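**Student:** The structure under discussion is supplied below as structure tokens; questions concerning it will follow.
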Amino acid sequence: MTTADEFAVQIALKRGLVTAGQLAAAQQRAAGLADRSTPVPGVLDILTADAALDQEMLGRAMADEFGMPWMVLAGRTIPATILAALPRSFVAEHNVLPYAREDGILRVAVADPIAVDVIDSLGHLSGTAVQPVLASAADIRQAIARHYSHDRTEVGPELVAESFPTDRVGGGEEGQASAQDAPIISLVQNLIAEAVRRRASDIHLEPLERRFRVRYRIDGMLLEVESPPKRLQLAIISRLKIMANISIAEKRVPQDGRIQVKLGGRSLDLRVSSLPTAHGESIVMRILDQEGLKLGLPELGFLPDDQKEFEQLIASPDGIMLVTGPTGSGKTTTLYASLHQLNQPDRKIITVEEPVEYQLAGINQVPVNAAIGMTFAAALRAMLRQAPNIVMVGEIRDRETAEIAINASLTGHMVFSTLHTNDAPSAVTRLIDIGAKPFLVAAALRSVMAQRLVRRICPACKRPYAPSARELHALGCQSGQLEGADFAHGAGCAACNGTGYQGRMGIFEIFRADDGIRAMIYDNVTSAALRAQARRAGMRTMREDGIRKVLAGLTTIEEVVTVTVGDPL
């Protein structure tokens, strides 16, 4: 007998549902049939067949013993959206069946209450909270036979909303044709859930000639994970395109969409981009975690003195504050954290973004839509008629936007924005290059902060570390800085997937526009001259800020040297 059968027999004897004599006779009969080549019925099957044991009474007794509800599936019709919550192969193999969803909880009938691994898998596969309910094995088998009478379960667009809530749900025959197989739905769910569990910021699905590669970007580094078979490529891509409400029929041009999901009580936005390649469509999903908006300035990586200076700068009543750096350097996160700190009931804040990545409570956010003429400049011009105190422009890209932002700052508004420059002083020459007048830049600019992201040492496997002379030379440490240094590195553990790093932090370069700097901007001097003047006034470079964080044991020499290799000292 299986362990489950042994428990059932013990409960039947305990509750007086079968006598010891009846059980002995059934065991003797089962032993006599063991020599036959045909399948041998179990003891419980023999007791039930001989009417010595009522299966429903036994089931109710077991449910009471294990503190589980009892369910009768006979005569019950289960919607296709509920059935699709679990893969058909899993349902058939383990004799379980989802039958209802109430208050966000999926109710699943199980026949074996002690199959802990199967019950644990239910929540993982369905991507939602699950309540197992006990039903007889025969009742579940019959219900499976009734509801899976065809080779495939038809799944319409409503399943998208059930299994993965979205703000826009694809419809039509295209959506139904591409999402017919419940295993594909579960595979996509698990793909996203695993990325979230590993703290990935992006999911990359890349069609290659002979395989379908899946990679997660974790702490800025791409990590290849176990990839699905090449034959599932089209089905997976189609499923994702349906969820993102983009056309599965169009495979020749790039498309963009968005998926909203909830995993483990967390609200996530997935920004989806599809790109035609030689071997199929490449899909990249950027995971935008709403929890990330709750970051304060300390979580960004500021040391106390830099944080104090930055807080003073963003509290200015007017002027322009710029954050610069390459794509992926955390500029938007820094601006959001700044707005989160400044967001008070007595301030009106408006942002214009392309796209609006995060929803900020209490802040008016305007999406750019160039197709209808809603450019950064047009949106900014309209925003100023709303009498805001603080304005955030996602990026200053052209002369018109720069001039409107400068004029806004000169008329009593605090303007935050970003630029793509390698260091902070270069932002001045960049504004002048795109057409802003030097005397206006000098009058409006309050500060520029350049930043990069470095990986934090994993706290779970952090170990003291003695760097070599070569490493210290590469970093550019002065001998006087080494006193009291706390060099460390990560040994690698399960918490950090063996990398030695967990999470990222910023290294910063804060450029203040004081009177001397303004005079130089007015004279339209070079960025090198501005940088030299700022250094004389006490500006720390990103390399120097990185050195401070290496000496404090927050990151490693390798990280700082890698991200600041091209920066002027």
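The values are calculated or read from the model by the stated rules, or taken from the named source; none is laboratory data. Keep in mind that what you see is a predicted model, and the values were worked out from it rather than measured. Please note: Cβ atoms are built from the backbone with ideal geometry, for glycine as well, and neighbour counts cover all protein chains shown. Ligands, DNA and RNA are stripped out before the accessible areas are found, and what is left, the full protein with its side chains, is counted by its heavy atoms. Shrake-Rupley method; radii C 1.70, N 1.55, O 1.52, S 1.80 Å.
**Student:** Filter 308/549; 230/251; 331/549; 262/549; 437/549; 241/262 down to the pairs with a C-alpha to C-alpha distance above 26 Å, please.
**Tutor:** 262/549; 437/549
**Student:** Turning to a different aspect of this structure: Under 5 Å between amide hydrogens, which residues at least 5 positions from residue 395 or on another chain qualify, with H placed 1.01 Å from N in the peptide plane?
**Tutor:** 418
**Student:** When DSSP beta bridges are limited to those with both residues in the chain, what percentage is antiparallel, rounded to the nearest 5? Mind dumping the intermediate values first?
**Tutor:** Values: 54 of 84 bridges.
Around 65 percent of the beta bridges assigned by DSSP in the chain are antiparallel ones.
**Student:** Residue by residue, what Karplus-based ³J(HN,Hα) values in Hz, rounded to whole numbers, does region 83-88 have, using 6.51, -1.76 and 1.60 with θ = phi - 60° and x for Gly and Pro?
**Tutor:** The phi angles translate into 4, 6, 5, 10, x, 4 Hz.
**Student:** Further question on the same structure: When you count, for each residue, the other Cβ atoms within 10 Å and take the mean per peptide, how do 95-104, 551-560 rank with the highest first? Could you put the intermediate results ahead of the total?
**Tutor:** Details: 95-104: 17.0, 551-560: 20.7.
Descending mean neighbour count gives 551-560, 95-104.
**Student:** Of the heavy-atom accessible surface of the chain (probe 1.4 angstrom), what whole percent is carbon and sulfur? Could the numbers behind the result be given before it?
**Tutor:** Working: 13500 of 26530 Å².
The nonpolar share, carbon plus sulfur, comes to 51 percent.
**Student:** Now for a separate question. Let me have the relative contact order for the chain, percent, based on Cα pairs under 8 Å that are six or more residues apart. Intermediate results must be reported in sequence, preceding the final value.
**Tutor:** Working: 975 pairs, mean separation 48.6, N = 569.
Across the chain, relative contact order equals 9 percent.
**Student:** Lone cysteines in the chain, defined as no other cysteine's Cβ under 4.7 Å from theirs: which are they?
**Tutor:** So far as the 4.7 Å Cβ criterion goes, 477 stand without a partner in the chain.
**Student:** Right, next: Among 64-74, 106-116, 448-458, 194-204, how do they line up from the highest to the lowest mean number of other beta-carbon atoms within 10 Å? Don't skip to the end; give the middle numbers.
**Tutor:** Values: 64-74: 14.8, 106-116: 19.9, 448-458: 25.1, 194-204: 17.7.
Going by the mean number of other Cβ atoms within 10 Å, highest first, we get 448-458, 106-116, 194-204, 64-74.
**Student:** Can you give me the relative contact order of region 237-307 as a percent, contacts being Cα pairs under 8 Å and 6 or more apart?
**Tutor:** Working: 94 pairs, mean separation 15.3, N = 71.
After rounding, I find 22 percent.
**Student:** Just for the Cα atoms in region 238-298, what are the lengths along the principal axes, largest first, rounded to whole Å?
**Tutor:** Each principal axis gives a Cα extent; for region 238-298 these are 44, 23, 14 Å.
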